[in-house]
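Presented below is the structure to which this report refers.
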Amino acid sequence: MEYNIIHNEERSRFETVVEGLLSLVDYRKRDNVLLVTHTEVPLRLEGRGIAAALTKALLDYIRDNGYKVYPICPYTKIYIQRHPEYEDIVVKDEE
């Protein structure tokens, strides 16, 4: 399923609203590195691939804009392990 994912730069997050509920992935930008801090999907919406869609949108944005990612969020770490095509943009130690 496709979701209407918005990059809310003012709040440093990628977000989508499904059934009136907000799901999001938060980050902090430090130079050319985005530190992914938190992924949140309401319990009622879990299992629909929303977190994966948000994380993919974030990682694609990072790659397309020449940034790197430092995954603090456990979900983001697991997502990258399952999608090794993003390994090249991962910063192993925070810069």
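We did not get these values from a lab; they are worked out from the coordinates using the rules stated. Just so it is clear, the model here is predicted, and its values are computed rather than measured. Glycine also receives a Cβ, built like all others from the backbone with ideal geometry; neighbour counts cover every protein chain displayed.
One chain, two ends: Lys29 and Asp64. Fully extended at 0.36 nm per residue, the span grows by 11.1 nm beyond their Cα-Cα distance. Label sites at Glu40 and Ala52, each approximated as a point 7 angstrom past Cα along Cα to Cβ, lie 2.4 nm apart.
When Rg and Dmax are taken over the Cα atoms of the chain, they come to 12.6, 38 Å.
Sequence-distant contacts, meaning Cα pairs under 8 Å at least 6 residues apart, place the relative contact order of the chain at 23 percent.
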